[in-house]
Amino acid sequence: MSEKLNQLKQILGEVSDLNHAASVLGWDEQVNMPPGGSEARGQQLATLGKIVQEKFTSDEVGRLLEDLKKEYSDAETDEGAMIRVASRNYEKAKLVPPSFVAEQAIVASKAFEAWVEAKSKSDFSIFQPHLEKVVELVKKYVSFFPPADHPYDILLDDFEPGMKTAEVREIFGNLRPKQVELIKAIASAKQVKDDFLHKKYNEKKLWDFSEKIIAEFGYDFSRGRQDKAPHPFETSFSVNDVRITNRFEEGSPLATIFSAMHESGHAMYEQGINPSYERTPLANGTSLAVHESQSRMWENLVGRSLPFCEHFFPELKKAFPSQLDGVTAKSFYKGINKVEPSFIRVNADEATYNLHIMLRLEIEIGMVDGSIAVKDLPEIWNAKMQEYLGIVPPNNAKGVLQDVHWSGGMIGYFSTYALGNIVSAQLWEAINKDIPDLEEQIRKGKFDSLLGWLREKIHVHGHKYDPQDLVQKATGERIDSAAYVRYLTKKYSGIYGL
């Protein structure tokens, strides 16, 4: 290994350490920190962010990358991939002043606390001035970059490298009418019962049950943990410290189980990355769509499948005999897959979920291009819920305030959820070809072959390959919605007798 590569890896390692230290502070802010700590925490994160920006965008890093590009030009090697990813990150980061990074951290920390209060009181006016500042900074961030086909392209690229707004709109444009057609067909069919989902369940027993399931999946608790937070998330401090959070909702208690499945999918991806990538730009998932394909796969394609219900339902019924009296594995399967327009995105069924994402995408694009003002968001949100799903939220907590992402400036992110659904179905078809008895394995509670396939084809590569290239290598095709439409149609035709 050349001396220059060693020098670069030393600096990138320090940048990684600082970023992970900031992540620990961010995790603590959502899990443990008292509300009064938000101002100080914002300043701490601002200081770390500024140091990271200055260290990573130094002239020394620029010179090293320029020299090493020639020496390690083969992107198929780990070194070549690291130089490619680091160079792309460097070129983008170089355009953003460290003072801006610090300002954004302070604004985001205050905005998060305002969002928590606003949601608890269902009062958008508490969050509005903070979100206006967040959006102002997002527009400022866009201004640092050369003009793109659409200003939203610049934000989207941070989460889904190489993806364009026009591409996402085209994918969604092809998908939406097919999903709407399916939803209409389901609405005219005999409906399934799900009253057992809304009974009272013991929170501690559900929490423990959720941890048992994800341990069976392969989430390694010796390198992870599950804590409570206002909004479920996964965060990584290293390959050997990958944490998830969850929550309990009285109106939808079993959501705790499915949230754990979802976040464990993210976490198992991070736990499976090649350990030699630690402290380099390759030591995380390649994109949020690929990341989301992992979480949605474990939550839905595994967790909401009939074989999995047949495996775990008897034990669930033993834990909650009165709530599940008279319920069979088959009726449980139908109930947890009931299609019904709902207010809360994270609890939405698979047939309607993507409509929630399309709604948010259009609102985000409007905020970025200036056609939507923050003050009008509750009204616009409710109008779009009526247009997309035929329902209007009863309050802002179940409407525009339900998601945490905007408080942290994560605008450009939401489309990756729907893209992740699409990728999960493409991967699922490839997996079933390679593991023809997969359903039977799941029915027996065996997940090692599935996790092993994902480890080999997806996880171990970290950020070595761009998302489109990784999907192509794993499935033989680029990101395309056809497999997802096949999956939804087959699944819901069986449930609703279409």
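The values are calculated or read from the model by the stated rules, or taken from the named source; none is laboratory data. Please read all numbers here as calculations on a predicted model, not as lab measurements. Because the Cβ atoms are built from the backbone with ideal geometry, glycine has one as well, and the counts that use them run over all protein chains shown. In case anyone asks, the SASA skips ligands and DNA or RNA and just uses the protein heavy atoms, side chains included. Shrake-Rupley method; radii C 1.70, N 1.55, O 1.52, S 1.80 Å.
Data for the structure
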quantity	calculated
Interchain or long-range residues, amide H under 5 Å from K228's placed H	N246
Rounded to whole Hz, the Karplus (6.51, -1.76, 1.60) HN-Hα couplings of region 376-388, x for glycine and proline	8, 4, x, 5, 5, 4, 5, 5, 6, 4, 5, 5, 7
With Cα atoms, 0 to 90° folded angle of helix 306-319 axis to the chain main axis	80 degrees
Cα-Cα pairs of region 379-484 separated by more than 20 Å (percent)	58 percent
Tensor-based shape of region 66-125 (alpha-carbon gyration tensor, a/c under 1.5 rounded, otherwise prolate or oblate)	prolate
Accessible-area ranking of R478, R296, R455, largest first, probe 1.4 Å	R478, R455, R296
Cα shape, region 254-366, gyration tensor, a/c 1.5 rule	oblate
Distance between region 397-413 and region 25-72 - C-alpha centres, whole angstrom	22 Å
Label-to-label distance, nm, for residues given as A93 and E117 (7 Å Cα→Cβ offset)	3.4 nm
Candidate lysines for bridging to K69, where Cα separation is under 25 Å - those fewer than 8 sequence places away on the same chain excluded	K4, K9, K55, K92, K94, K464, K473
Heavy-atom accessible area order for E340, E29, largest first, 1.4 Å probe	E340, E29
Check: region 328-379 dipole with +1 on Lys, Arg Cβ and -1 on Asp, Glu Cβ, in debye	400 debye
Furthest towards positive pole of dipole, G80, F56, P34, structure part region 29-84, Cβ charges	P34
Selection from W406, G420, G335 lying farthest towards where the dipole of the chain points positive, charges on Cβ	G335
Size of charge dipole - region 46-169 - debye, nearest 20, with Cβ of Lys, Arg +1 and Asp, Glu -1, no other charges	480 debye
Using alpha-carbon coordinates, inclination of helix 203-217 to the longest axis of the chain, degrees	70 degrees
V15, V346, V24, reordered so the largest accessible area comes first (probe 1.4 Å)	V24, V346, V15
Helix-only [θ]222 nm of the chain, DSSP H runs n ≥ 4, -39500 (n - 2.57) each, per residue, nearest 500	-20500 deg cm²/dmol
Pairwise label distance in nanometres, S252 with A166, each label 7 Å out on the Cα-Cβ vector	3.6 nm
Pairwise centroid distance, computed over Cα atoms, of region 322-390 with region 205-230, Å	26 Å
Mean separation of Cα contacts under 8 Å, 6 or more apart, over the residue count of region 83-149: relative contact order %	35 percent
The chain: relative contact order in percent, alpha carbon pairs under 8 Å with at least 6 residues between	20 percent
All Cα pairs of region 139-201, percent lying beyond 15 Å	69 percent
Tensor-based shape of region 61-163 (alpha-carbon gyration tensor, a/c under 1.5 rounded, otherwise prolate or oblate)	prolate
Estimated distance in nm for a label pair at N174 and A482, the labels positioned 7 Å out from Cα along Cα-to-Cβ	0.8 nm
Cα-centred dipole magnitude for the chain, charges only on beta-carbon of K, R (+1) and D, E (-1), debye, nearest 20	1340 debye
Separation of alpha-carbon centers, region 246-278 and region 305-319, rounded to whole Å	19 Å
Nearest-ten-degree value, helix 415-434 long axis tilted from longest Cα axis of the chain	70 degrees
Area of S342 that stays accessible when all protein chains are in place (1.4 Å probe, Å², to 10)	30 Å²
Positive dipole terminus of region 177-279, leading residue within T235, S188, S210 (C-beta point charges)	S188
